[in-house]
Structures are given as structure tokens and as C-alpha cells.
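J.: Handing you a structure now.
The values are calculated or read from the model by the stated rules, or taken from the named source; none is laboratory data. All figures in this text were calculated on a predicted structure; none of them were measured in a lab. Backbone-built Cβ (ideal geometry, glycine too); neighbour counts: all protein chains shown.
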Amino acid sequence: MERLTVLLADDHPVVRQGLKTFLDLQPDIAVVGEAATGAEAVARARELRPDVVLLDLVMPDGGGIEAARGIREACPAAKVVVLTSYADDENVMPALEAGAAGYVLKDVEPQELADGLRRVHRGEGLLHPAIAPRVMREAVEPHRDRDVLTARELEVLRLLARGLANKRIALELRISERTVKTHVSSILAKLGVTDRTQAALYAVREHLV
């Protein structure tokens, strides 16, 4: 069984221990390292190359948003999921713009968190229900329009917004996975967004799904 590797970055050792204890019980998830500061999180991500970094926002050495940028530069393959107590707009949008693939509040149920990490690893986005509506309103600037997308790109976008990975989209549309990747890249560029999460939010906001 392929295991999903996770790096825990939080300055509270009790929080890290609780997360590690639960995640290590999952047969397909392994916690491979821990970090207590933003700088340490970047260094450990560069060293360990985890699949997912579970990152707190409030930490020494610049905090989580700077750390998210650093992790994305040091280990582009790693998906950053913010796990925080802060749901205000001043933190949510900067975190997503810094490259976070998910944003979850610490009141999330442990099993929901584990399932969310799996979805992020598959290339899907992850937003806590309490913040999703606000992000939907702000993820895309008003001047962006669905008319810039081709009919095929709209089909891909609708499936992407349903949480389907590229392989499943390829099967649904009977095209190659490579072609799907090309369409996704074009969609992101045309909409002016940085990742699949923001593209999916656009689709929801524009009532395409």
C-alpha cells in the first residue's frame, strides 16, 4: 500500500503529538517529521520531501504564510494544508495565494482531516465549511468571465469543481490525461488563478456546477 507522508508544523508540541498519534493510526498515512517554527518547516520539507505539510499559521520565524511560500519553493511537489484557529479574511486569502492547497480550522473532526489530506494528495482542494463561502466570493475578480474558456475547458472545469482528479476527468471525457493537464493549465491561466482550488471556487461562484 502506498503511504501518504505528512510533515507536521506547529509550535505547540501537544498539538503535534495529538495529530501524530491519530494520523499514525491510519494505515495509509505516515508522519515523517515535525517542525516547531516556520523556518524549520521549510528546512524539514526540503529534507524529507513529504507529500503533505500540515501547517499552523501562527509560529515563530515569520509564521505560516511565509513558511507556505518557502515550502512551495523548496519542495514544489508537497501540498500545503493550513491547520489553524483563524478564519478571518486577513489569513485565509493570503494563505491560499501563498500556495496552500487546503485551509482547515482546528475544530475539524480527526477523521475528516485525514480524509481531507487524502483528497489534497489526489490533487483536490480542501476548505473548511466555515470559510468556503467567503473564499468563493473573493477568489476571482469581477472582470473574469466564463466566456474566455472554450466549451471543452468548461467541461473540464465542471468536473474539476466536482473534485475529480485528472485521471477521472480523462475517463469521463474520453480524452488523454495529458490533454486534461493541458486544459487545466489553460483554465488556470485564463482565469488568473494559481491552483485547482481557486478554479473550482470560480466554477461554484459562477453556478457552473
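J.: Could you please find all residues in segment 53-86 being in contact with a Leu (Cβ under 8 Å, 6 or more places away or on another chain) and farther than 17 Å from E97 by Cα? First the steps, then the outcome.
T.: Taking segment 53-86 as the starting set, the residues that turn out to be in contact with a Leu (Cβ under 8 Å, 6 or more places away or on another chain) are 53-56, 63-65, 67-68, 71, 78, 80-86.
Of everything in segment 53-86, just one residue is in contact with a Leu (Cβ under 8 Å, 6 or more places away or on another chain) and farther than 17 Å from E97 by Cα, namely S85.
J.: Sort out which residues of segment 1-42 are assigned to a helix (DSSP H, G or I) and in contact (Cβ under 8 Å) with a residue 24 or more places away in the chain, and write them in order of number. Please lay out each step first, then the result.
T.: Here is the first cut: in segment 1-42, the residues assigned to a helix (DSSP H, G or I) are 13-23, 38-42.
Scanning segment 1-42 gives V15, L19, F22, L23, G38, A39, E40, A41, V42.
J.: Using the structure shown, decide if V80 is assigned by TED's automatic domain parsing to the domain that holds V120 and either buried (at least 22 other Cβ atoms within 10 Å of the Cβ) or part of a loop (DSSP other than H, G, I, E, B) (or both).
T.: Details: assigned by TED's automatic domain parsing to the domain that holds V120: yes; either buried (at least 22 other Cβ atoms within 10 Å of the Cβ) or part of a loop (DSSP other than H, G, I, E, B) (or both): yes.
Yes, satisfied.
J.: Got at least one residue in segment 56-64 being at pLDDT below 95 and part of a helix (DSSP H, G or I)?
T.: The answer is yes, given that some residue of segment 56-64 is at pLDDT below 95 and part of a helix (DSSP H, G or I).
J.: Of the numbered conditions (1) out of contact with any Cys (no Cβ under 6 Å at 6 or more places or on another chain); (2) free of Cβ contacts under 8 Å to residues at least 60 places away in the same chain, A45 satisfies every one except a single condition; which is it?
T.: The number of the failed condition is (1).
J.: How many residues are polar (S, T, N, Q) and under 25 Å from N166 (Cβ atoms) when one looks only at segment 72-130?
T.: Within segment 72-130, the first condition is being polar (S, T, N, Q), and the residues that meet it are 84-85, 91, 111.
Next, from what is left, pick out any that are under 25 Å from N166 (Cβ atoms): none.
Number of matching residues: 0.
J.: Just for helices (runs of 4 or more DSSP H) wholly inside segment 106-209: which have at least 1 residues that are at pLDDT below 90? Working first, answer last.
T.: Working: elements: 110-121, 132-138, 151-161, 166-173, 177-191, 196-205.
Where helices (runs of 4 or more DSSP H) fall fully within segment 106-209 and carry at least 1 residues being at pLDDT below 90, they are 132-138, 151-161, 177-191, 196-205.
J.: Continuing with the same structure: What residue, among those in segment 12-52 that are surrounded by fewer than 18 Cβ atoms within 10 Å (Cβ to Cβ) and among the acidic types (D, E), is nearest to G99 (Cα to Cα)?
T.: E47
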